[in-house]
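The values are calculated or read from the model by the stated rules, or taken from the named source; none is laboratory data. What you are looking at is a predicted structure, and each value in this text was computed from that prediction instead of being measured. Quick reminder, even Gly has a Cβ in these numbers, built from the backbone with ideal geometry, and neighbours come from all protein chains shown. Surface accessibility is based on the protein's heavy atoms, side chains included, excluding ligands, DNA and RNA. Shrake-Rupley method; radii C 1.70, N 1.55, O 1.52, S 1.80 Å.
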Amino acid sequence: MNSTRIYANEGFSMTGKEEKNQTLDSDSVRSPYYLFGSRPLSHIIFWLVYYISFSLIWARPDQGYFASFYLEFILLPVRMAAAYGMIYILMPRYLLQRQYGMFLISYGGMLVVAGVLQSLFDYYFYETLLIGAENPFWHVSELFRSSLLVNTTVLVVASIKMFHYYLRAMDQAQNALFEKPIEIKSDRRTHILRPDDISHIESMGNYITYYLTDGSKLVAYSSMKMASESLPDSFIRIHRSYIINRNHIRSFGADTITIANFDLPRSKDIPDALLAGNQHQHP
């Protein structure tokens, strides 16, 4: 069995023939989740296709294609802001944390604000400046229509993001099945574990404690650095004394992270995206 060994109570540690590959920054590698492996290019292509498609869909014969393309151009920033607000703020902060009430309230508020901004842009830069219409500005029906159009864009982008999450979750589940086991020698016995059997690790001087998902724990003579070298990328160091398995996070706040029934301290330089499982790729 090709595995990593951590020897405890022996005063030394060593690894097997296969060393853990160094984790690369997400911007330095090609991702299979994006077109041509490029996140920026994928975003550019998506919004270009979106802009052209909606400009053609909403084109009116009496006003011509220029008016349609112009209108979509001035409205696109509001829709992009709402879409990115959904996938970068609302989804990781509320939806993925199962704070559904806050998610719905924030989502509704975002749609209202975006609808008002889109109505303003439509009125001043399209109706007044280009068309020369003299219609009154405020219409409840127009605000509802604007919010609905923004919502359509947000749902399209959110659906793509959710599919992205699904693909990554499937990859993580598949990788967990094939992760090489870890051998920990504690109390003169060798324990063979899957990485996902470990919820978190605590450092205590020259010893480290492995907390397992079944409620038991193993104490080994090792350093945090040596322990981290044997672990897959799902493990992250959140504090000088703690390494956690991100797959077992129950919740997190500004100062603490809950793993099983443990509230562990969180360093201030740990971003939310890392804890939410987005540290490798962003949409």
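Quick notes on this one:
- Residues that are touching an Asp or Glu at 6+ places or on another chain (Cβ under 9 Å) and hydrophobic (A, V, I, L, M, F, W, C), drawn from the range 225-257: Ile243, Phe252, Ile257
- Cβ separations smaller than 9 Å between residues 6+ apart or across chains give the following pairs from the range 84-100 residues that are within 17 Å of Leu274 (Cβ to Cβ) to residues that are open to solvent by 80 Å² or more (accessible area, probe 1.4 Å) and aliphatic (A, V, I, L, M): Ile87/Ile160; Met91/Met162; Arg93/Met102.
- From the list Leu148, Leu143, Leu218, the lone residue that is modelled with pLDDT under 85 and either part of a helix (DSSP H, G or I) or open to solvent by less than 50 Å² (accessible area, probe 1.4 Å) (or both) is Leu143.
- Residue that is modelled with pLDDT of 80 or more, open to solvent by 80 Å² or more (accessible area, probe 1.4 Å) and closer than 26 Å to Asn261 by Cβ, where the choices are Ile198, Ile192: Ile192
- Within the range 151-194, being in a helix (DSSP H, G or I) and either in contact with a Lys or Arg (Cβ under 7 Å, 6 or more places away or on another chain) or of a type in the set (Gly, Ala, Ser) (or both) holds for Thr153, Ala158, Ser159, Ala169, Ala173, Ala176.
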